[in-house]
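Asker: Structure below; questions to follow.
The values are calculated or read from the model by the stated rules, or taken from the named source; none is laboratory data. As the structure is a prediction and not an experimental result, all values here were calculated from the model. Neighbour counts run over all protein chains shown; Cβ positions are idealised from the backbone, glycine included. Please note that ligands, DNA and RNA were not included when accessible areas were found on the heavy atoms of the full protein model with its side chains. Shrake-Rupley method; radii C 1.70, N 1.55, O 1.52, S 1.80 Å.
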Amino acid sequence: MQRRDKTNYYLDIAETVAKRSTCLRRHYGAVIVNHDEIVSTGYAGAPRGRKNCSDLNRCVRMELGIPRGQRYELCRSVHAEANAIISASREKMIGSTLYLVGTEAATGEYIKGSNSCSMCKRMIINAGISTVVVRDTADEYRTIPVQEWIDHDESIEGSMGY
């Protein structure tokens, strides 16, 4: 049996975390790792104490046919990256890597071209995270240096996320 490479190991953990997601559209899981230790995890779900979309069996963005990357103010969920960042101290995140996995809730398929939304990118930058790794298939992934998000400011250039 061949040993799983370290990057896919952490992505596998993020994928397991995503199974806790309560979003009806997409399941996302995030794991923040620094110096080969897990700092925190997060998944997409409603703020603590509020009912989840999966409990309400209702998604306003789906009902309104809102495409990916738009009108997040209508979404009940706190994104996986944000929940992971909220659960960690900044000093433990400086220089860390965030591993991100997203799957379609209906099919379980990996989300093609998945990336953090513009708000999560801002939080990742401010948290001091240096790298984001996004799963594309069970074994393939993209590595994104956060410095690219700093250098190419999408609030000026425009971009899509979840």
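Asker: Picking from L24, L11, which residue would you name as being at pLDDT 85 or above, of a type in the set (A, V, I, L, M, F, W, C), under 16 Å from I111 (Cα atoms) and open to solvent by 30 Å² or more (accessible area, probe 1.4 Å)?
Answerer: Numbers: L11 fails: open to solvent by 30 Å² or more (accessible area, probe 1.4 Å).
Of L24, L11, the one residue that is at pLDDT 85 or above, of a type in the set (A, V, I, L, M, F, W, C), under 16 Å from I111 (Cα atoms) and open to solvent by 30 Å² or more (accessible area, probe 1.4 Å) is L24.
Asker: Exactly one of these conditions fails for N115: (1) part of a loop (DSSP other than H, G, I, E, B); (2) free of Cβ contacts under 8 Å to residues at least 60 places away in the same chain; (3) farther than 15 Å from A14 by Cα. Give me its number.
Answerer: (3)
Asker: While we're here: Which of the residues spanning the range 21-61 are more than 24 Å from V134 (Cα to Cα) and of a type in the set (A, V, I, L, M, F, W, C)?
Answerer: C53, L56, C59, V60
Asker: Can I ask one more? What's the number of the only condition in (1) farther than 17 Å from R26 by Cβ; (2) of a type outside the set (F, W, Y); (3) part of a helix (DSSP H, G or I); (4) open to solvent by 50 Å² or more (accessible area, probe 1.4 Å) that I124 fails to meet?
Answerer: Here I124 clears every test but (4).
Asker: Looking only at the range 57-86, count every residue that is in contact with a Leu (Cβ under 9 Å, 6 or more places away or on another chain) and assigned to a helix (DSSP H, G or I) and tell me the total. Walk me through it before giving the result.
Answerer: First, the residues of the range 57-86 that are in contact with a Leu (Cβ under 9 Å, 6 or more places away or on another chain): 57-62, 64, 66, 71, 74, 76, 80-81, 84-85.
The next check asks that each one be assigned to a helix (DSSP H, G or I); those that pass are 60-62, 74, 80-81, 84-85.
Matching residues across the range 57-86 total 8.
Asker: A further question follows. Do we have any residue at all in the range 68-86 that's at pLDDT 85 or above, open to solvent by 80 Å² or more (accessible area, probe 1.4 Å) and not β-branched (V, I, T)? Spell out the reasoning first.
Answerer: Initial filter on the range 68-86 (at pLDDT 85 or above): 77-86.
Then drop every residue that is not open to solvent by 80 Å² or more (accessible area, probe 1.4 Å), which leaves 86.
When the remaining residues are screened for being not β-branched (V, I, T), the result is none.
No; the residues of the range 68-86 include none that is at pLDDT 85 or above, open to solvent by 80 Å² or more (accessible area, probe 1.4 Å) and not β-branched (V, I, T).
Asker: Could you say whether any residue in the range 109-124 is at pLDDT 95 or above, out of contact with any helix residue (DSSP H, G or I) (no Cβ under 8 Å at 6 or more places or on another chain), over 23 Å from S40 (Cα atoms) and not hydroxyl-bearing (S, T, Y)?
Answerer: yes
Asker: Right, next: Would you confirm, using the coordinates I've provided, whether K92 is in a loop (DSSP other than H, G, I, E, B), open to solvent by 90 Å² or more (accessible area, probe 1.4 Å) and in contact (Cβ under 8 Å) with a residue 24 or more places away in the chain? First the steps, then the outcome.
Answerer: Working: in a loop (DSSP other than H, G, I, E, B): no; open to solvent by 90 Å² or more (accessible area, probe 1.4 Å): yes; in contact (Cβ under 8 Å) with a residue 24 or more places away in the chain: yes.
Spelling it out, it is not the case that K92 is in a loop (DSSP other than H, G, I, E, B), open to solvent by 90 Å² or more (accessible area, probe 1.4 Å) and in contact (Cβ under 8 Å) with a residue 24 or more places away in the chain.
Asker: On to the next question. Scan the range 135-151 for residues that are more than 18 Å from I125 (Cα to Cα), open to solvent by 70 Å² or more (accessible area, probe 1.4 Å) and not in a loop (DSSP other than H, G, I, E, B) and report the count. Before you say what the answer is, go through the steps one by one.
Answerer: Narrowing the range 135-151 to residues more than 18 Å from I125 (Cα to Cα): 135-141.
Filter again for open to solvent by 70 Å² or more (accessible area, probe 1.4 Å), leaving 139-141.
Now restrict to residues that are not in a loop (DSSP other than H, G, I, E, B): 141.
Matching residues across the range 135-151 total 1.
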